[in-house]
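Working notes, structure below.
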Amino acid sequence: MQTDLPEEVLREYSEKHKKPESVNFAYGTAGFRTLGERLDSVMFRMGVLAGLRSKALGGKTIGVMVTASHNPEADNGVKLVDPMGEMLEQSWESYATYLANAETTDEFITNVQAVIYRGGISISQPANVVYARDTRPSGAALVAALEDGLKAIGVEGGGWNAGVTTTPVLHYLVRTTNTKGTPEDYGEPSEEGYYSKLAAALKALLSGKPSPPPLIVDCANGVGALSVAAFSKHVEGVFQFQPTNTDLQTPGLLNFKAGADFVKTSQSIPPALQGKLSAGQRAASFDGDADRLMYFYLDDQTSQFRMLDGDKIAALVAGHLVELVNAAGLAGRIELGVVQTAYANGSSTKFLEKRLPVKCVPTGVKHLHHAAEAFGIGVYFEANGHGTVVFSKETLALLNSHQPSTPEQTKATEDLIQLTKLINSAVGDALSDLLLVEVVLASKGYTATQWNSSYSDLPNRLVKVLVPDRSLYKTTDAERKLTEPVGLQEKIDALVAQYEAGRSFVRASGTEDAVRVYAEAGTREAADELAFKVAGLVYDEAGGDPAKRPKEFI
Ligand code: NG1
Ligand code: ZN
């Protein structure tokens, strides 16, 4: 049994994975994210931290995911996953940043000791870690660095390598490993277990309903392609995928003009799908690690592109859950709520607020997830398509003990129970969310057009502004208002007041070195103009170089 910190081993490995000079790493809303070539030392150190986190929790299995999600192929990243499949606890984010930025091996060892002391960690505890990566070319070498960290801190068996898989599968593995054989058992801790669980729930939910039409899925030329191929085998004859953007070989294609982020930011159809969609036919896009989902279709009348984003998914799913809870005879016994961020389209918020409680929280999955847990059933989605539904322990117990008094109540209760299995409550999951959408559409007999008609999105625009120091941007009111730089918010307010249905806010990105400006207004022109005016304001206030001022900023 290990009783002391294996300092010599740590030193030796740390020398192999030196921190690049003059780089400052920050554990943001999605872990560390930057060019893959810069991340060797960070990976090694996160291996060590994952081991320490597990020891701090008495040997519970911790997850490590190596991915940069929807970002360009050259980027990579790493995030730690806590035992129930949730994001790393906030206080440990600062430990991560602290270890990642130690300039030398000596400083690294000192910082490790400080983490052990501050975290009250007993080094003699066992450590268990499961890790995986997406399809990025830099992934294999980075995983090797991570493995050095796991070995150096004495993780059991050097950790469990789950290979190349999606972010949601990794979260599922963490949760199932830690809950196996407990009352919160979440399924078989294997990738096959994950597919089988989803497939069984899907079959139960679609039974007796017309089969959904074959669905075109844009896999962003990423790991989602593997996941869709593997899952398809489990649902033959029940559900058919037509995967596109599945090229994992050609360099540079990951997320390139493909995937959920492309669809959301360009508000257009991925070029590879052009000419493949008939009017009214729906299609879906995953992002590079398959935790985000966007739907879209071409209007039957005008052939115009129509996007069904995270807000539309939330509205569809929440509406259906309300109906099921009522039909089950459980109205008033389960509180349903929706959680959004400031990026949610104003029309979606209005639509939802008329029907159920809606909460707005700061950007970042952990905030959404946490707020959703306050409800009996909490639906959360970011507009970009990342989201899921969480069920409280009380709700799960109630569903299992409920005695329905009519056949209709029995059916609705059974559907709710199956939905708790179809939904990956640990994290946003493109595959599970896609199946959820398809089940709801099949239940309602809805086409994409009918789904889209619930409300009309306000035209909106998201703009990035490069500023010398984004840490100067401080916000309040769930990021909807700036408190610093002092005086800027008043200027934004004055601009917004000039636009009908105008809304705009500014915040520093947690994943990129930039400030984001969001604006929406009554017309496309007005939304664009407002966004570019606010962007110009931010650029000038930050003392941006007039020679480099983007020409679209007004
Ligand atoms: P930042 O870079 O902090 O805006 C982006 C997304 C978040 C979230 C994270 C993690 C937008 C505007 N922001 O965060 O919603 O998904 O990435 O991936 O979409
Ligand atoms: Zn992602």
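The values are calculated or read from the model by the stated rules, or taken from the named source; none is laboratory data. Because the structure is predicted, anything quoted here is derived from the model rather than measured. Because the Cβ atoms are built from the backbone with ideal geometry, glycine has one as well, and the counts that use them run over all protein chains shown. Heads up: the accessible areas ignore ligands, DNA and RNA and are worked out on the full protein's heavy atoms, side chains in. Shrake-Rupley method; radii C 1.70, N 1.55, O 1.52, S 1.80 Å.
Points worth noting:
- Scanning segment 453-461 for any residue that is more than 18 Å from residue 346 (Cα to Cα) and in contact with a helix residue (DSSP H, G or I) (Cβ under 6 Å, 6 or more places away or on another chain) turns up nothing.
- No other residue among 245, 255 is at pLDDT 95 or above, touching a His at 6+ places or on another chain (Cβ under 8 Å) and not acidic (Asp, Glu) apart from 255.
- Residue 41 within 16 Å of ligand 2 (Cβ to nearest atom), assigned by TED's automatic domain parsing to the domain that holds residue 136 and buried (at least 23 other Cβ atoms within 10 Å of the Cβ): no
- The selection criterion, being open to solvent by less than 10 Å² (accessible area, probe 1.4 Å) and of a type in the set (Ser, Thr, Tyr), holds for residue 432.
- Matching residues in segment 208-236 - criterion: being among the aliphatic types (A, V, I, L, M) and either open to solvent by 50 Å² or more (accessible area, probe 1.4 Å) or touching a Gly at 6+ places or on another chain (Cβ under 6 Å) (or both): 220, 226, 229
- Taken over segment 335-355, residues that are touching a residue at least 40 places away in the same chain (Cβ under 8 Å) and not small (Gly, Ala, Ser) amount to 10.
- Among the candidates 400, 326, 384, residue that is on the phi < 0 side of the Ramachandran plot and either buried (at least 21 other Cβ atoms within 10 Å of the Cβ) or in the same structural domain as residue 87 (by TED's automatic domain parsing) (or both): 384
- Complete set of residues in segment 193-208 that are of a type in the set (Gly, Ala, Ser) and in a helix (DSSP H, G or I): 193, 196, 199, 200, 201, 204
- The listed residue being more than 22 Å from residue 28 (Cα to Cα), of a type outside the set (A, V, I, L, M), within 16 Å of ligand 2 (Cβ to nearest atom) and modelled with pLDDT of 95 or more, out of 432, 392: 432
- Any hit, segment 11-20, residues being of a type in the set (D, E, K, R) and either over 22 Å from residue 77 (Cα atoms) or under 22 Å from the mean Cα position of the chain (by Cα) (or both): yes
- Checking each residue in segment 145-169 for being aliphatic (A, V, I, L, M) and open to solvent by 20 Å² or more (accessible area, probe 1.4 Å) picks out 162, 164.
Condition check ((1) open to solvent by 40 Å² or more (accessible area, probe 1.4 Å); (2) in contact with an Asp or Glu (Cβ under 8 Å, 6 or more places away or on another chain)) across all residues:
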residue: 17; (1), (2): no, yes
residue: 37; (1), (2): yes, no
residue: 50; (1), (2): no, no
residue: 54; (1), (2): no, no
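- Sub-6 Å Cβ pairs linking a first residue in segment 274-298 that is closer than 28 Å to residue 389 by Cα to a second residue that is away from ligand 2 (no atom under 16 Å from the Cβ) and basic (Lys, Arg), at least 6 apart or interchain, are 295/282; 297/282; 297/306, ordered by first then second residue.
- Residues of segment 1-32 that are at pLDDT below 95 and within 16 Å of ligand 2 (Cβ to nearest atom): 28, 29, 30.
- Evaluation of residue 230 against (1) touching a Phe, Trp or Tyr at 6+ places or on another chain (Cβ under 8 Å); (2) in a helix (DSSP H, G or I); (3) outside the structural domain of residue 412 (by TED's automatic domain parsing); (4) within 19 Å of residue 381 (Cβ to Cβ) (one fails), failing number: (4)
- Checked against (1) over 30 Å from residue 68 (Cα atoms); (2) within 16 Å of ligand 2 (Cβ to nearest atom), residue 502 meets all criteria but (2).
- Selection of segment 260-293 for residues being within 16 Å of ligand 1 (Cβ to nearest atom) and either part of a helix (DSSP H, G or I) or surrounded by fewer than 24 Cβ atoms within 10 Å (Cβ to Cβ) (or both) yields 260, 261, 262, 263, 264, 265, 266, 267.
- Note on segment 341-365: residues that are more than 19 Å from residue 462 (Cβ to Cβ) and either buried (at least 19 other Cβ atoms within 10 Å of the Cβ) or not charged (D, E, K, R) (or both) amount to 5.
- Some residue of segment 378-392 being among the charged types (D, E, K, R) and under 18 Å from residue 175 (Cα atoms): no
- As a summary of the residue check, residue 306 satisfies the conditions (1) open to solvent by less than 30 Å² (accessible area, probe 1.4 Å); (2) in a strand (DSSP E or B) except for the one numbered (1).
- Condition met for residue 116 (touching a helix residue (DSSP H, G or I) at 6+ places or on another chain (Cβ under 9 Å) and either open to solvent by less than 20 Å² (accessible area, probe 1.4 Å) or closer than 30 Å to residue 248 by Cβ (or both)): no
- The sole residue among 310, 259 that is farther than 29 Å from residue 396 by Cβ, within 16 Å of the chain's Cα centre (by Cα), within 16 Å of ligand 2 (Cβ to nearest atom) and not hydroxyl-bearing (Ser, Thr, Tyr) is 259.
- The residues of segment 184-218 that are touching a strand residue (DSSP E or B) at 6+ places or on another chain (Cβ under 8 Å) and within 15 Å of residue 432 (Cβ to Cβ), listed by number, are 191, 215, 217.
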